[in-house]
1. From largest to smallest, what semi-axes in whole angstrom does region 7-170 give when each is the square root of 5 times an eigenvalue of its alpha carbon gyration tensor?
2. Can you put 12, 133 in order of Cβ neighbours within 10 angstrom, beginning with the fewest?
3. What is the P(r) of region 90-172, as percent of Cα-Cα pairs per 10 Å bin from 0?
4. Provide the FRET efficiency to the nearest 0.05 for the residue 112-residue 91 pair, computing r from the beta carbons and using R0 = 41 Å.
5. To make sure I understand, if each residue's beta carbon is the centre and we count other beta carbons within 10 Å, what order do 121, 170, 153 fall in, fewest to most?
6. Debye sum, Cα scatterers, region 42-113, no solvent: what log₁₀ I/I(0) at q = 0.11, 0.19, 0.23 1/Å?
7. If you average the sequence gap of Cα pairs under 8 Å that are 6 or more apart and divide by the length of the chain, what percent do you get for the contact order?
8. Multiply the residue gap between residue 31 and residue 148 by 0.36 nm, knock off their C-alpha separation, and tell me the result in nm, one decimal place.
């Protein structure tokens, strides 16, 4: 069975700062595919000057009017994490959220990975219905080398600072 791939392209603002990522073809449908999207996003965030501060990105099905892009959705910037209000991302509940940290705000997990960017993707579940929260964490160096990649199922958002922030932003 040949599945259409999930394709990702970054887009930027007029000042060339990172504004988000378009998802083409289809939505990621597993933790593995979301971690691959996050890996690309963190590699881009590691490029000096593209991401000024720690930023939240939310999945949305709003796409450009240009049908040629085959875009099915986007991970659009919701703004710097310090500007976000609790509950600000609750309506409608997003299927996925990212936090991306630029190199200036990332403490590398390895001493030789200085200048690395990092990020997390959170896939909120409905624990009361048996659908667990899922997440992945990535750290990448400016040359694109991945120095850390972890994914998990049944995560407790209150056990990780980034996930706790995201959970607060989607809490109604």
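Derivation of every value follows stated rules applied to the coordinates shown; laboratory data play no part. All of these numbers come straight from a predicted model, not from anything done at the bench. Virtual Cβ from ideal backbone geometry, glycine too; neighbours counted across all protein chains shown.
1. Semi-axes, largest first: 22, 20, 15 Å.
2. Ranked by crowding around the Cβ, least crowded first: 12, 133.
3. 18, 45, 26, 10, 1
4. On the way: r = 43 Å, r/R0 = 1.06.
That gives a FRET efficiency of 0.40.
5. 153, 170, 121
6. For region 42-113 at q = 0.11, 0.19, 0.23 Å⁻¹, log10 I(q)/I(0) is -0.36, -0.88, -1.07.
7. On the way: 384 pairs, mean separation 37.2, N = 172.
Computed over the chain, the figure is 22 percent.
8. Details: separation 117, 0.36 × 117 = 42.12 nm, distance 1.60 nm.
The residue 31-residue 148 span can extend by a further 40.5 nm.
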